[in-house]
1. Only residues in region 200-212 that are farther than 11 Å from N22 by Cβ and without any contact (Cβ under 8 Å) to a residue 12 or more places away in the chain count as the first member; pair them with residues that are in a helix (DSSP H, G or I) and hydroxyl-bearing (S, T, Y), Cβ under 8 angstrom, at least 6 apart or cross-chain, and list the lot.
2. Looking at this structure, is I173 farther than 20 Å from N22 by Cβ and either touching a strand residue (DSSP E or B) at 6+ places or on another chain (Cβ under 9 Å) or surrounded by fewer than 19 Cβ atoms within 10 Å (Cβ to Cβ) (or both)?
3. Could you tell me whether F201 is within 17 Å of I240 (Cα to Cα) and touching a strand residue (DSSP E or B) at 6+ places or on another chain (Cβ under 9 Å)?
4. Given K82, K103, which one is out of contact with any Gly (no Cβ under 7 Å at 6 or more places or on another chain), over 27 Å from N12 (Cβ atoms) and either surrounded by fewer than 18 Cβ atoms within 10 Å (Cβ to Cβ) or of a type in the set (G, A, S) (or both)?
5. Specify the residue that is surrounded by the most Cβ atoms within 10 Å (Cβ to Cβ); the eligible residues are those in region 107-136 that are among the acidic types (D, E) and free of Cβ contacts under 8 Å to residues at least 40 places away in the same chain.
6. Having 1 or more residues that are under 13 Å from V133 (Cβ atoms) is the bar; report the helices (runs of 4 or more DSSP H) wholly within region 4-94 that clear it.
7. Taking region 151-170 as the search range and keeping residues that are loosely packed, with under 14 Cβ neighbours inside 10 Å and touching a residue at least 60 places away in the same chain (Cβ under 8 Å), which one is farthest from L26 (Cα to Cα)?
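Any read-out appearing in this document is the output of simple, stated calculations on the displayed coordinates, not a laboratory observation. The structure presented is a predicted model; accordingly, all values stated were derived computationally and were not measured. Every residue, glycine as well, gets a Cβ built from its backbone with ideal geometry; the counts of neighbours run over all protein chains shown.
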Amino acid sequence: MSKEFTLQIDANLFRSTNGAWNYLMLNDPWSVGYVTTLIEAQQWTSKEEWEQYYYESGEHRKQLAGEHYKEIENFKLARTNKNAIYSLPWNLKNLNFQYGRTKDDLMRRAEVLFSFMQRQGSPITLEQCYECVRYRTICETWNGVIIRENNTIKVLQSMFPNTVSFKKTDGEIDHQYAVDYEVYLNGILKFGIQIKPKSYFGKAPYLEKARYANEQKFAAYHERYGVPVYIVTSKTNGEIQNSEILTLMQKALN
């Protein structure tokens, strides 16, 4: 079995939905859960096992929600009415944040994406929109967190002494501050890091918007914890591509 998920549709067609995916806030934890927290919850023997777990977790969410399922499945609230989410009881909100989604749940998100893309004159099909939703939610999480992030942390750890530790953040911190790992020296927090592929620094409008949003999150993190956040770009095998960031990290540790 392949260690990585591969995209099942044309890459350019997939990328054409990036702006819509972000605009519709289909990537919000209210829509898909704290996926990073879910994938870090246990060790996986394969990517197929992780995907199956995500769907089964979604079934569990549906069962636990019972008569409130339609209420919490209103994923459009992430974009249209955040206050309605805040006003819900904690136990109902928790079902959306701490559990996965069923295939049917993902199809509903695909239908919203498809409708939006149709209005833009896109030739994309509903089935292709479903693959976009599945790939971003399940596959990119695996490829990014399990493959790229883990390999990158191994590389970074080898570059610094054992007194430096890299601790994975939980899903809430990741979402609120865009910080993947916090770096400590002798138990003292020195900085946060976000791990991205080199393509993150592309010129597409949706990437520029994402970078701006993350800059605001980094500023909020610095205000709260008093330390900077550095972006590390790397290959899937963990090779660091912006080696200049290592100098800044070393200075922060001194």
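1. The qualifying pairs are R211/Y200.
2. Against the criterion (farther than 20 Å from N22 by Cβ and either touching a strand residue (DSSP E or B) at 6+ places or on another chain (Cβ under 9 Å) or surrounded by fewer than 19 Cβ atoms within 10 Å (Cβ to Cβ) (or both)), I173 qualifies.
3. Taking the combined requirement at face value, the residue satisfies it.
4. K82
5. E111
6. Fully inside region 4-94 and qualifying: 11-15, 18-23, 29-32, 35-39, 47-65.
7. Filtering region 151-170 for residues that are loosely packed, with under 14 Cβ neighbours inside 10 Å and touching a residue at least 60 places away in the same chain (Cβ under 8 Å), the one farthest from L26 (Cα to Cα) comes out as M159.
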